[in-house]
1. Given R₀ = 35 Å, what would the calculated FRET efficiency be for Phe224 paired with Lys148, taking r from the Cβ atoms and rounding to 0.05?
2. What's the center-to-center distance, using Cα atoms, between the stretch 213-270 and the stretch 337-386 in Å?
3. Please list, in chain and number order, the residues 5+ apart from His297 or on another chain whose amide H is under 5 Å from its amide H, with Hs placed from the backbone.
4. Given Leu111, Ile14, Leu60, which one lies farthest toward the positive end of the charge dipole of the chain, if we put +1 on the Cβ of every Lys and Arg and -1 on the Cβ of every Asp and Glu?
5. Based on the alpha-carbon gyration tensor of the stretch 160-276 and its eigenvalue square roots a ≥ b ≥ c, which shape applies: rounded if a/c is under 1.5, prolate if not and a/b is larger than b/c, or oblate?
6. Over the Cα atoms of the stretch 249-358, what radius of gyration and what Dmax do you get, in Å?
7. Pairs Lys46/Lys287; Lys109/Lys169; Lys70/Lys153: which are spaced more than 20 Å apart, C-alpha to C-alpha?
8. Using square roots of five times the C-alpha gyration tensor eigenvalues, list the equivalent-ellipsoid semi-axes of the stretch 156-228 in whole Å, biggest first.
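We did not get these values from a lab; they are worked out from the coordinates using the rules stated. Small disclaimer: the values here were computed from a predicted structure and weren't measured. FYI the Cβ positions are ideal-geometry reconstructions off the backbone, even for glycines, and counts take in every protein chain you see.
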Amino acid sequence: MIRYSKQSINNKDISEVVKVLRSDFLTQGPKVIDFEKQINKYVGSKYCVAVNSASSGLYLACKALGLRSKDSIWTVPNSFAATANCILNSGYKIDFVDIDNYTWNISLKKLEEKLIISKKKNNLPKAIIVVHLGGLPVDPKQLKYLSKKFKFKIIEDAAHSIGSKYYKKNVGSCKWSDMCVFSFHPVKIITSGEGGCVTTNNTIYYKKMMLIRNNGITNKAKEFKNKKPGPWYYEQQSLGFNFRMTDIQASLGLSQLRRINYFVKRRNNIANIYKKTLINLPLKVQKVDNKYLSSYHLFIIRLVDSYKDKYLSFFNYMRKNKIFVNLHYLPIHLHPYYKKLGFKKNDFPNAELYSSLALSIPVYPDLTSLETNRVVRIIKNFFKYK
Ligand SMILES: *Cc1c(COP(=O)(O)O)cnc(C)c1O
């Protein structure tokens, strides 16, 4: 069975983890601090907060904004549930913006139209969470322009896109955003088992997130609000939780980070083979403009509209041929939980149409050329006999 994505672990990764297991620190310690430093260095950000998942990271980012319960954050329906859940978990209102029919990312045109309407109603969102689907960045300059015009903050859900670039900058540098969240789940670009982080250049957001990660507690004497009575003292200053990453995870993340450019290159090589060999078939792929580099966390193929009734048989055919394709994503607003909040079918038609036609085919560093060719052959065969 060839999966759509999986981790690439070498002996060095294993020995780095074993070293930590033999050391004094298992939970958050020097490896986490080093991992944060190396992430900052790699993406070009000032601060990094490592956490136990990107879901936690998204929650931290939402909380750091410090909004009120009547404030809203908008995001896209075409993502993993965590992208939306963080908004509700933070106690804010949620709404969605439909996707673009070519990039399958947020439609900035639809976003602007929706902003104009909500400005008239005096209920502009306080922040937007964008997702760089499969590693393809949303145009950061155009988004920044809108954020200045309509006064909202930008959180990048970059779970797919460590290693992606826009206008020669790394995603995560936060040059055009307020905070950026990465995931280190095994299917993503680099892994720490489970894990994630938030990067930012904003000192206030950074400090807030550092507190929330650790049950709202600080050990730093110069941050204490009370007078320090003795060396035993620590202080809880906000409400938080245990969102900490372990040194075990950070050591794996650090070791993986050394190979990130190789990982992204391998993923791009495979994507280029797909793009060359799958042309002339009734399907579409993401077009990567030359101002971007995609990490290619996902290689998504989308059947043309007229093949809609073939989707199920195509999906089943791929899995029967031992290619474990997946759909990224079911529209979030159509999950029963979100329907209960009032969202319904046809609210976001582009995302709904996309999800009835798209599937992710295998792309990961250890995918061999033999396997890549097999994927291509199997896809071609489907269309030959249809
Ligand atoms: C994987 C993913 C997440 C959640 O990441 P975890 O580290 O598993 O919590 C969030 N958003 C998107 C777009 C993802 O793909």
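1. About 0.40, to the nearest 0.05.
2. First find each Cα centre; the distance between them is then 35 Å.
3. Close amide H contacts, sequence-distant or interchain: Gly135.
4. Ranked along the dipole, the leading option is Leu111.
5. Verdict is prolate for the stretch 160-276.
6. Looking at the stretch 249-358, its Cα Rg and Dmax stand at 17.4, 48 Å.
7. Check vs 20 Å cut-off fails for Lys46/Lys287; Lys109/Lys169.
8. Equivalent ellipsoid of the stretch 156-228: 29, 16, 7 Å, largest first.
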